[in-house]
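Below is one structure; the comments refer to it alone.
The values are calculated or read from the model by the stated rules, or taken from the named source; none is laboratory data. Note that this is a predicted model, so its numbers are computed, not measured. FYI the Cβ positions are ideal-geometry reconstructions off the backbone, even for glycines, and counts take in every protein chain you see.
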Amino acid sequence: MVRRVALLVAAMSAVGGLAYLVYGVWMRPYGIVEAELVFQASRLQHGFPLYVDPATGAWELGAPPSRYYVLYTPTWPWVLAHLAPATHLGVRTVGRAVNAALYLATLAVVFRAARPERRVVVGTGALLTLGFAMLVREAGLATADMPAVALATVGLTRMIHKGGLDPISAALLAAAPLVKPSVLGVPVGAVLAHLLVHRRAGLRPMLTPLVAGGAVAAALVGTFHAASGGVWLTHIVRATGQTLSLERWAQEFGGRAVFLGAPHALVLVLAGRRRSTALATLPLATSLAWSTFSMAKHGSGTHYWLEPTMAALLALGAAGSVEAPPIALRSRALAWLGLAFTIAAGGVGVRELARAPASDRARDGLVGDLRDHCALRPGEVVVATDVSLELELDGRILVPSWQSSYLVRRGTFPLDAWRRDLARPEVRWFVDGPEFLEPPPERVEGITEANALRRELRDVIADEFAYDGRVGSAEQGGELLVYRRR
């Protein structure tokens with residue numbers, strides 16, 4: 001009875017999640033990372049080079065040039081460029097539709113792979129995952145997370161079914177981090193698990209799949225190297241290599257651990273106690289450890305938990321029906337605990353997803369008001385600390401200022417060129433939030449994040465621009481300050 005109620009609650013939340021996925025394909029505003037990847041795919045569609053030295057800049061669309069490092073690998077921008085119509089909206093829509101389909105398909109694969117006696121529990125978890133706001137919001141964006149997670153999950157599913165790595169599962173697992181480098185926990189755990197399980201079988205069971213996976217990785221890396229002129233890895237490191245801090249870890253992980261972390265750890269314990277194969281538990285352990293650690297990085301988010309969530313469902317589905325003693329909690333107590341968690345997670349998911357459309361409409365209204373205020377003549381642009389605003393107002397991204405701020409402080413981004421760009425007459429407007437009025441911190445450490453436009457480049461903004469008013473309201477997500485060229 002308890003499990004049936006949990007299944008019903010999960011199914012209700014999944015209906016909301018599915019509706020949100022469909023709605024989001026067309027209606028959601030840009031996500032920050034999504035905007036960068038759409039911009040990069042658009043460059044490929046128009047025959048422009050993807051990799052450009054930020055010191056030189058990309059001038060194809062006029063002055064000032066775009067100065068950026070390519071996020072992740074070129075795989076996902078290349079896929080989007082070849083699948084989607086040659087418009088930003090077309091790229092965004094197709095990317096979201098593909099990722100929504102991958103999210104549903106991956107959950108279906110996980111459910112189908114579960115042992116028959118575990119399918120009710122795994123089905124409940126899969127439905128809850130579909131309706132859980134912290135995950136479905138990230139999975140439905142046109143970013144590289146979901147393709148990489150799908151590859152890793154399908155590869156792990158096949159490995160568990162086959163009793164070890166085979167050439168196909170090894171190829172899928174090797175490809176995953178070369179789509180999104182943060183999807184690393186499952187592939188590493190899968191290799192370790194295969195070596196552990198087959199340690200007494202000699203070289204042959206290990207060699208063939210590892211060679212297959214290595215060949216796929218080498219082919220992709222060679223392609224990236226040739227396509228980028230040898231700079232792809234430098235771009236990844238500089239675009240994603242933000243600092244780590246304990247304060248950031250506590251801020252990002254502490255409040256979410258009850259939903260993203262603790263349930264995964266409990267599944268790991270239960271799967272081990274119920275004699276789940278190491279081929280399922282070890283990848284979950286490494287993915288859980290990697291995602292937990294990664295929450296210390298500036299720029300981390302709930303999208304990091306897509307991978308361990310799929311791994312947890314697979315481990316749960318591979319567990320046996322008989323508990324191995326000793327076990328800390330009885331099955332009945334676990335069932336009630338699962339129901340309580342399902343109600344809490346489902347309630348949070350439904351509440352957050354129900355609020356999204358109104359918030360999204362307000363954001364669209366803010367962008368429209370900003371477009372009306374910041375009138376542009378041909379060749380003029382708006383500089384904003386939010387790259388999604390630049391993409392919508394300018395049709396391109398100039399400088400991804402948040403991540404570039406970290407590079408400025410390490411001396412790996414051309415600050416002087418950025419300064420000259422801001423002084424160019426083509427930059428007609430500057431837009432930022434009310435934080436711009438706050439004095440910049442003298443030291444940047446811990447959880448403190450100070451955009452270079454508010455700190456290192458503040459004097460240029462003060463010299464070149466004059467305050468021109470505020471746009472927006474609290475109902476639209478907050479006001480924006482608008483500055484006009486003097």
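Things worth noting here:
- Residue match in segment 103-120 (condition: more than 20 Å from the chain's Cα centre (by Cα), aliphatic (A, V, I, L, M) and in a loop (DSSP other than H, G, I, E, B)): yes
Yes/no per residue for (1) of a type in the set (D, E, K, R); (2) in contact with a helix residue (DSSP H, G or I) (Cβ under 9 Å, 6 or more places away or on another chain); (3) closer than 28 Å to Ala315 by Cα:
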{"site": "Leu50", "(1), (2), (3)": "no, yes, no"}
{"site": "Asp53", "(1), (2), (3)": "yes, no, no"}
{"site": "Trp59", "(1), (2), (3)": "no, no, no"}
{"site": "Tyr72", "(1), (2), (3)": "no, yes, no"}
{"site": "Pro77", "(1), (2), (3)": "no, yes, no"}
{"site": "Pro85", "(1), (2), (3)": "no, yes, no"}
{"site": "Val91", "(1), (2), (3)": "no, yes, no"}
{"site": "Ala100", "(1), (2), (3)": "no, yes, yes"}
{"site": "Pro116", "(1), (2), (3)": "no, no, yes"}
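- Test: residue in segment 229-250 that is over 28 Å from Ala84 (Cα atoms) and of a type in the set (Phe, Trp, Tyr): yes
- Residue tally, condition polar (S, T, N, Q) and either exposed (fewer than 13 other Cβ atoms within 10 Å of the Cβ) or part of a helix (DSSP H, G or I) (or both), over segment 455-486: 1
- Scope segment 232-245; condition among the β-branched types (Val, Ile, Thr) and either farther than 14 Å from Leu50 by Cβ or surrounded by fewer than 17 Cβ atoms within 10 Å (Cβ to Cβ) (or both); matching residues: Thr234, Val237, Thr240, Thr243
- Failed condition for Ala58, given (1) touching a residue at least 40 places away in the same chain (Cβ under 8 Å); (2) under 30 Å from Phe430 (Cα atoms); (3) of a type in the set (A, V, I, L, M, F, W, C): (1)
- Flag if Arg115 is in the same structural domain as His264 (by TED's automatic domain parsing) and surrounded by fewer than 22 Cβ atoms within 10 Å (Cβ to Cβ): yes
- Selected residue (criterion: surrounded by the fewest Cβ atoms within 10 Å (Cβ to Cβ)) from residues of segment 393-408 that are within 24 Å of Ala86 (Cα to Cα) and not aliphatic (A, V, I, L, M): Gly395
- Just one of the listed residues (Ala144, Ala105, Ala148) is out of contact with any Lys or Arg (no Cβ under 6 Å at 6 or more places or on another chain) and among the hydrophobic types (A, V, I, L, M, F, W, C), namely Ala105.
- Among the candidates Arg396, Arg443, Arg428, residue that is farther than 13 Å from Gln242 by Cβ, part of a loop (DSSP other than H, G, I, E, B) and either of a type in the set (Ser, Thr, Tyr) or touching a residue at least 24 places away in the same chain (Cβ under 8 Å) (or both): Arg396
- Residues of segment 409-425 that are surrounded by fewer than 19 Cβ atoms within 10 Å (Cβ to Cβ) and part of a helix (DSSP H, G or I): Arg409, Arg410, Leu415, Asp416, Ala417, Arg419, Arg420.
- Residue match in segment 265-287 (condition: more than 19 Å from Ala175 (Cβ to Cβ), surrounded by fewer than 21 Cβ atoms within 10 Å (Cβ to Cβ) and modelled with pLDDT of 95 or more): no
- Scan of segment 350-362 for residues that are charged (D, E, K, R) and under 20 Å from Ala139 (Cα atoms), ordered by number: Arg351, Glu352, Arg355, Asp360
- Leading residue by the ranking (farthest from Asn99 (Cα to Cα)) among those in segment 118-142 that are among the small types (Gly, Ala, Ser) and surrounded by 22 or more Cβ atoms within 10 Å (Cβ to Cβ): Gly125
- Filter pass, Thr309 being modelled with pLDDT of 95 or more, among the hydroxyl-bearing types (Ser, Thr, Tyr) and within 22 Å of Gly17 (Cα to Cα): yes
- Search result, residues across segment 102-112 that are surrounded by fewer than 22 Cβ atoms within 10 Å (Cβ to Cβ) and over 17 Å from Leu141 (Cβ atoms): Ala108, Val109, Phe111, Arg112
- Every residue from segment 371-392 that is under 20 Å from Glu464 (Cα atoms) and either surrounded by 19 or more Cβ atoms within 10 Å (Cβ to Cβ) or in contact with a helix residue (DSSP H, G or I) (Cβ under 8 Å, 6 or more places away or on another chain) (or both): Cys374, Leu376, Val381, Val382, Val383, Ala384, Thr385, Asp386, Glu390
- Scanning segment 165-178 for residues that are assigned to a loop (DSSP other than H, G, I, E, B) and surrounded by fewer than 23 Cβ atoms within 10 Å (Cβ to Cβ) turns up just one, Asp166.
- Filter result for the condition that a residue is part of a helix (DSSP H, G or I), touching a helix residue (DSSP H, G or I) at 6+ places or on another chain (Cβ under 9 Å), farther than 30 Å from Arg351 by Cα and modelled with pLDDT of 95 or more, over Leu151, Leu196: Leu151
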